[in-house]
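Student: The structure is given below, and queries will be raised subsequently.
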Amino acid sequence: MKAHSGEVGVFVRIRPTANFSQDIIECLPDGQTVNIHHKKDTRKPLCPRRIQRSSWSFRLEGVLQDVSQEEVYTRVCRRVVLGALDGYNGTVLCFGQTGAGKTYTMTGSTESYKQRGIIPRAIQEVFQEVQKRTEHTFSVYLSYLEIYNETLVDLLASLQSSAHPSPRSMVISEEPGRGVFIRGLSLHPVHSEEEALNLLFEGEMNRVIGSHALNRNSSRSHCIFTLHLESRSRTLSDTKYVTSKLNLVDLAGSERLGKTGSEGQMFKEAMYINKSLSFLEQAILALADRRRDHVPFRQTKLTHALKDSLGGNCNTVLVANIYGEASQTEETLSTLRFASRMKCIRTNPAVNEHMDPAAQIKKLKKDVQMLKEELSFGNTLVNRPSVPYDPLSEAQLAEIDSQVQRYLEGSLKEISITSVSQVRALFAKFKLAVHRGQEQKVNARLRQTYNLGEEDRRADTPAVKEWDTRGSTEEDEAGSFEVSHKNTQRPSSTRAKTKKSKDKQSQSKRQGEESPVSKKHSDSASKPKLNTVQSPEREQELQEPDTESQEPQESQPNGKEPFHPDSTLTKAEAFDDFKMGRGSKLNRILQENKAVLLERRSLHRQLTDKVNAVKREIDCTAATMQQYRETRGGQGRYSEPDDTLLNQLRELKALYRQRYEVLHEIKAEINYCQHLVDQCRVRLLSEFEKWYKKYSLVPEEDLESSMDNTLDQVSLPECDDNQLPPESSSSESFHNARYTMLRRRNTRSLCVTPEQRSSSSGSRQRTLPQIPPVS
Ligand code: ADP
Ligand code: MG
């Protein structure tokens, strides 16, 4: 919302005189243009500039000649005052030569009501409007500042009950949201026109009046009378309020020093005035020039105090007061030039809207209460239980925690939603669960990498260290513990010995217990692979083998200590031990893959039978048709076989093709599963061999020779593939990664439904070979 965007409003007011110089000052009938025709100054003939140009034209917003005080107020100030009541800052400045009528325009005659100036009229209008605008409450404050010889003077300081601030204590400040203000300047609340006028007259009395050659009563100082307004709506939201400042500025005379003939104190005054007006002009030039970033407001008190009142977010109006006499033409020209420069300043007024935090809180509380009531009413209408708004109690939080745990474990199918706060709490618990899981994984990896934690258990069972591949190598090299391969003695570290009995207790306790994680895995291991692929939980497990495989406890079934070979065991027995201990995970995967393979083979057999049955039917139908033709041919006439037979044959062929496609895909799956099983088997054996070599007393030659037996035990009864050579430990990472990838691929391929298979089989034409049953 903008009140008066555009340029600064500039008026020229000509002081009435009996000697109006019509040939010099020409006011055009448009009421906006004033032309100055300057006569050549014969006293200074050498000055070329004066000779060259003798006429100037100034087009302004209005030329006020012989107009009443009321009209001046209406045309110049009224809109600014109304804007201030709406929340826009406003400034009215009177500029001109001493005695030209600035004070008359601004304050007017204090004796004559009719001749009162802009300030009393503005005060009157403000309070009249306050009365009229009943939908708003207004607060009005007054301040009256004088700048005399670059010193700030509070013209209303005498009215303050407390200690009067000295002029030096006042300082021009700036704050975001508040703009420029004078710290230390007294602000007086006023509730009526009369109160405000009293203050105005009080301030007028306090003005520093100097004697002057041209006008003895003329002011030698700048005076800024400010009305500070604040309004709040009575009807709308009371959290917002608007503020505005209405600055009514009576500037000191702009005449040249030489002309006044002032001396001493008067000279000093004139010098300060000239300086400040000169900087005012510079500031105005800078404001008018849009390319300039910096405006030198701080060079004088006047420009600094008027920083936010000259343009920008402000309705600004300038009245250029001039004489009508020929003798003042030089000063008149100077004033009009200043006025035309002022006209170039662009303004962009905006309402100074603020938020009242206290009122806002109050309003929000009220809104919340109302919404609760609305919600409760809505719930009652639809027969829903009311929503709790209070924070969740400890018991409720504990219940949510338990629900989340049970949900994650799978014992709780779903969690019913009761309120938003419950949903939030659920999310928080889930997040916590995820964090915990991640933390555990990281800890496990750290333990695995650096052999940290669970030291008691490790001290008692050196074999564990051996399973932490990287850690064990490092520690062995450092000689931090000894492992006897002959009798599998326990490490001789003092730490291990002192904790031995305690460890045994905890070990036996651990063996008795079964953690949910290990239980879950042992459960899943016992299930056939096909089922696990279809279950989402198992699917996820399969998709994340990397992390799983990195957890050392995964290779220890049911939280038990890993097995290690005993010299008294045969290799076959040691292999059994291995499959239950260190190799349990590999073994489990192998078993699962075997299960899938078996299932696929069985499916393949069934389908083969079905396809072959269809083939037989096709053959049979074809034979019937042939027979039909031959019979007819023998009777001397040729005839097409019955339509029913033809249709039947077509359908059978389509069925055959469809089943053949599915069968073909299952065969591919079988090959793939077979490959996986082989890989697992070889890996298991290679791991076992490594383990066995390390801990058993069996010489390497014997090991080599015993390999065959062991392989027999692991190989599938269905498998007739050749054994693969055991893999070296350096390729372990490679194979682990590859294995992971294969498992993922396996999971994906096994997830294809028969429908998907049949739809993907397409309609390719094939010959119909007899399919040999899968052995
Ligand atoms: P300034 O403040 O510019 O120095 P003033 O406002 O004091 O000048 O005016 C000087 C004198 O001229 C005052 O006596 C004032 O009454 C008179 N005067 C100025 N302008 C007008 C006007 N428009 N009508 C009548 N008297 C005026
Ligand atoms: Mg004056």
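Student: On full extension of the chain, what length is gained from I415 through Y628, given 0.36 nm per residue of separation minus the C-alpha to C-alpha distance? Mind showing how you got there, number by number?
Tutor: Working: separation 213, 0.36 × 213 = 76.68 nm, distance 6.84 nm.
Result: 69.8 nm gained on full extension.
Student: Sticking with this one: What FRET efficiency, computed as 1/(1 + (r/R0)^6) with R0 = 56 Å and r the Cβ-Cβ distance, is obtained for K362 and E150, rounded to the nearest 0.05?
Tutor: Details: r = 46 Å, r/R0 = 0.82.
With R0 = 56 Å, the Cβ-Cβ based efficiency is 0.75.
Student: What is the set of long-range amide H partners of S57 at a cut-off below 5 Å, with H atoms built 1.01 Å from backbone N?
Tutor: I36
Student: Which cross-chain or sequence-distant (5 or more) residues have an amide H under 5 Å from the amide H of Q32, H modelled 1.01 Å from N in plane?
Tutor: Excluding prolines and chain starts, which carry no amide H, the hits are V63.
Student: To the nearest 10 square angstrom, what accessible area does V81 show with a 1.4 Å probe?
Tutor: In the full protein context, V81 sits at about 0 Å².
Student: Set Lys and Arg Cβ to +1 and Asp and Glu Cβ to -1, take the dipole of the stretch 98-184 about its Cα centre, and tell me which of F181, L142, T98 lies farthest positive.
Tutor: T98
Student: In the stretch 300-401, with Lys and Arg counted as +1 and Asp and Glu as -1 at Cβ, which of these residues, A398, T300, S340, has the Cα nearest the positive end of the dipole, that is, farthest along it?
Tutor: Value computed over the given set: S340.
Student: Measuring from centroid to centroid over Cα atoms, what is the spacing of the stretch 55-91 and the stretch 321-347 in Å?
Tutor: Between the Cα centres of the stretch 55-91 and the stretch 321-347 lies a distance of 16 Å.
Student: Relative contact order of the stretch 45-161: what whole-number percent is it, with Cα pairs under 8 angstrom and at least 6 residues apart?
Tutor: Working: 79 pairs, mean separation 20.3, N = 117.
In percent, rounded to a whole number, it is 17.
Student: If I take R0 = 22 Å and measure r between the Cβ atoms of R292 and R59 in this structure, what FRET efficiency does the formula 1/(1 + (r/R0)^6) give, to the nearest 0.05? Walk me through the numbers before you get to the answer.
Tutor: On the way: r = 24 Å, r/R0 = 1.10.
It comes to 0.35.
Student: With r defined as the distance between the Cβ atoms of R234 and N198 and R0 fixed at 41 Å, what FRET efficiency is calculated, to the nearest 0.05?
Tutor: Working: r = 28 Å, r/R0 = 0.68.
About 0.90, to the nearest 0.05.
Student: Of K114/K240; K585/K694; K441/K667; K365/K429, which sit over 27 Å apart, Cα to Cα?
Tutor: On the way: K114/K240 39 Å; K585/K694 20 Å; K441/K667 39 Å; K365/K429 29 Å.
The answer is K114/K240; K441/K667; K365/K429.
Student: Whenever you get a sec, line up F430, F377, F58 from highest to lowest accessible area (probe 1.4 Å, protein heavy atoms). List each step's numbers first, then the result.
Tutor: Working: F430 60, F377 125, F58 15 Å².
Correct descending sequence by accessible area is F377, F430, F58.
Student: How much length would be gained if the chain were fully extended between A572 and L187, taking 0.36 nm per residue of separation minus their Cα-Cα distance, in nm to one decimal?
Tutor: Details: separation 385, 0.36 × 385 = 138.60 nm, distance 10.21 nm.
Full extension from A572 to L187 adds 128.4 nm.
Student: While we're on this one: Can you work out the Karplus-derived ³J(HN,Hα) for every residue in the stretch 653-659? Use 6.51 cos²θ - 1.76 cosθ + 1.60 with θ = phi - 60°, whole Hz, and x for glycine or proline.
Tutor: Calculated HN-Hα couplings, in order: 5, 4, 4, 4, 4, 4, 5 Hz.
Student: How much length, in nm to one decimal, is gained on full extension between K268 and N383, taken as 0.36 nm per residue of separation minus their Cα-Cα distance? Before the final figure, lay out each step's value.
Tutor: Numbers: separation 115, 0.36 × 115 = 41.40 nm, distance 8.64 nm.
Using 0.36 nm per residue and subtracting the Cα-Cα distance, I get 32.8 nm.
Student: Once you put a point 7 Å from the Cα of D66 and another 7 Å from the Cα of L646, both along the Cβ direction, what distance in nm separates them?
Tutor: It is 11.8 nm.
Student: Do you know the relative contact order of the stretch 287-389, to the nearest whole percent, from alpha carbon pairs under 8 angstrom that are 6+ apart? Can you show the working numbers first?
Tutor: On the way: 55 pairs, mean separation 26.3, N = 103.
Relative contact order of the stretch 287-389: 26 percent.
Student: What are the residues whose amide H is under 5 Å from the amide H of G96, where those residues sit 5 or more places off or on another chain and H is modelled from the backbone?
Tutor: Here S254, N321 satisfy the definition.
Student: Now, a different point. Show me 275-281, 64-70, 390-396, 83-89 ranked by packing, highest mean number of other Cβ atoms within 10 Å first. Intermediate values should be presented prior to the final figure.
Tutor: Values: 275-281: 19.0, 64-70: 15.9, 390-396: 10.6, 83-89: 23.4.
Per-residue mean Cβ counts within 10 Å order the peptides as 83-89, 275-281, 64-70, 390-396.
The values are calculated or read from the model by the stated rules, or taken from the named source; none is laboratory data. The shown structure was predicted, so the numbers you read here are calculated from the model rather than taken from an experiment. Note: ideal-geometry Cβ built from the backbone for every residue, glycine included; neighbour counts use all protein chains shown. Surface areas here come from the heavy atoms of the whole protein model, side chains and all, with no ligands, DNA or RNA. Shrake-Rupley method; radii C 1.70, N 1.55, O 1.52, S 1.80 Å.
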